[in-house]
């Protein structure tokens, strides 16, 4: 049987804004199995960003449970949660979140700096392999400002992979990219899902992305209003092949 990576049970998150209680999540439940590629969609105000913060162990619920790889996140201390987040989740952000004056290798190496089980030589070896896996073997020693947006996002994906997390959590990962580069990145995510059996949770407002994932969860007003499996998954590589070639 496949492992359950995410189990969300009646998750609620309320915020106090002055005298008003804002109910961002109103009882969300779902589970995600190892090796799934899931998109989570919703318009502004749907609770999508709040759910992202909870899934990323950046916040804890007001009520309900969130089990990540079998452990209840809310029962952890803040420090334990940070360590668990570092070991279990690989983040990919819309704005890449790279250190601009450091090389691709140094950026990818960063999560391993917080893991004392790796020596310096092991960190370099794992970081190099991660960059090769995303097709950046010729950009390993380039600094962030020397790379295109698509290349920077590949560095961010390599950084997300380097700790061998149980889940890659992508937040609008194609939001700052043009169409051609977006399909390149989606092709890479599909490859990681299909060839490496990676578990991917892709949070987005773009309904097109759902066509390339195996499952789509839709939020509205703090509720899950749809949870559907995709029986006709499009290949981003096929779409990419039909686009006009980009000039260097």
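Run down 139, 123, 159 and say which single residue is closer than 24 Å to residue 49 by Cβ and touching a helix residue (DSSP H, G or I) at 6+ places or on another chain (Cβ under 6 Å). Break it down stepwise before answering.
Values: 139 fails: closer than 24 Å to residue 49 by Cβ; 123 fails: closer than 24 Å to residue 49 by Cβ.
Exactly one residue qualifies, and that residue is 159.
Condition test on residue 8, is it under 18 Å from residue 67 (Cα atoms) and in contact with a helix residue (DSSP H, G or I) (Cβ under 9 Å, 6 or more places away or on another chain)?
Numbers: under 18 Å from residue 67 (Cα atoms): yes; in contact with a helix residue (DSSP H, G or I) (Cβ under 9 Å, 6 or more places away or on another chain): yes.
So residue 8 passes the test.
Only residues that are in contact with a helix residue (DSSP H, G or I) (Cβ under 6 Å, 6 or more places away or on another chain), within 17 Å of residue 171 (Cβ to Cβ) and without any contact (Cβ under 8 Å) to a residue 40 or more places away in the chain: list them for region 55-88, please.
57
Condition check: closer than 15 Å to residue 56 by Cα and either surrounded by fewer than 22 Cβ atoms within 10 Å (Cβ to Cβ) or in contact (Cβ under 8 Å) with a residue 24 or more places away in the chain (or both). Does residue 157 satisfy that?
Numbers: closer than 15 Å to residue 56 by Cα: no; either surrounded by fewer than 22 Cβ atoms within 10 Å (Cβ to Cβ) or in contact (Cβ under 8 Å) with a residue 24 or more places away in the chain (or both): yes.
Judged against the criteria, residue 157 is not a match.
Restricting the search to region 182-222, which residues are assigned to a strand (DSSP E or B), surrounded by 22 or more Cβ atoms within 10 Å (Cβ to Cβ), out of contact with any helix residue (DSSP H, G or I) (no Cβ under 7 Å at 6 or more places or on another chain) and at pLDDT 95 or above? Steps first, please.
The first filter runs over region 182-222 and keeps only residues assigned to a strand (DSSP E or B), leaving 200-204, 215-220.
Right, trim to surrounded by 22 or more Cβ atoms within 10 Å (Cβ to Cβ) and you get 200-204, 217, 219.
So of that shortlist, the ones also out of contact with any helix residue (DSSP H, G or I) (no Cβ under 7 Å at 6 or more places or on another chain) come out as 204, 217.
Hit for region 182-222 is 217, nothing else.
Here's the yes/no breakdown for (1) surrounded by 17 or more Cβ atoms within 10 Å (Cβ to Cβ); (2) over 16 Å from the mean Cα position of the chain (by Cα):
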| position | (1), (2) |
| --- | --- |
| 5 | yes, no |
| 25 | yes, yes |
| 53 | no, no |
| 58 | no, no |
| 66 | yes, yes |
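Using the structure shown, decide if residue 152 is out of contact with any strand residue (DSSP E or B) (no Cβ under 9 Å at 6 or more places or on another chain), in a helix (DSSP H, G or I) and closer than 28 Å to residue 39 by Cα. Spell out how you get there, then give the answer.
Details: out of contact with any strand residue (DSSP E or B) (no Cβ under 9 Å at 6 or more places or on another chain): yes; in a helix (DSSP H, G or I): yes; closer than 28 Å to residue 39 by Cα: yes.
So residue 152 passes the test.
Looking at (1) under 25 Å from residue 69 (Cβ atoms); (2) at pLDDT below 95, which is the only condition residue 175 fails?
So residue 175 meets the others, but not (1).
What are the residues in region 89-132 that are in contact (Cβ under 8 Å) with a residue 60 or more places away in the chain and either in contact with a strand residue (DSSP E or B) (Cβ under 8 Å, 6 or more places away or on another chain) or surrounded by fewer than 20 Cβ atoms within 10 Å (Cβ to Cβ) (or both), if any?
Answer for region 89-132, where residues must be in contact (Cβ under 8 Å) with a residue 60 or more places away in the chain and either in contact with a strand residue (DSSP E or B) (Cβ under 8 Å, 6 or more places away or on another chain) or surrounded by fewer than 20 Cβ atoms within 10 Å (Cβ to Cβ) (or both): 89, 90, 91, 92, 93, 94, 95.
Tell me yes or no: at least one residue of region 225-234 is in a strand (DSSP E or B) and in contact (Cβ under 8 Å) with a residue 60 or more places away in the chain.
Pass one, region 225-234, residues in a strand (DSSP E or B): 225-229.
Going one step further and asking which of them are in contact (Cβ under 8 Å) with a residue 60 or more places away in the chain, we end up with 227.
Yes: region 225-234 contains one or more residues that are in a strand (DSSP E or B) and in contact (Cβ under 8 Å) with a residue 60 or more places away in the chain.
Is it the case that residue 166 is touching a residue at least 40 places away in the same chain (Cβ under 8 Å) and in contact with a strand residue (DSSP E or B) (Cβ under 6 Å, 6 or more places away or on another chain)? Lay out the reasoning, then the answer.
Values: touching a residue at least 40 places away in the same chain (Cβ under 8 Å): yes; in contact with a strand residue (DSSP E or B) (Cβ under 6 Å, 6 or more places away or on another chain): yes.
Yes.
The values are calculated or read from the model by the stated rules, or taken from the named source; none is laboratory data. For clarity, every value in this text was computed on a predicted model and none was experimentally measured. Every residue, glycine among them, receives a Cβ derived from its backbone with ideal geometry; neighbour counts consider all protein chains shown.
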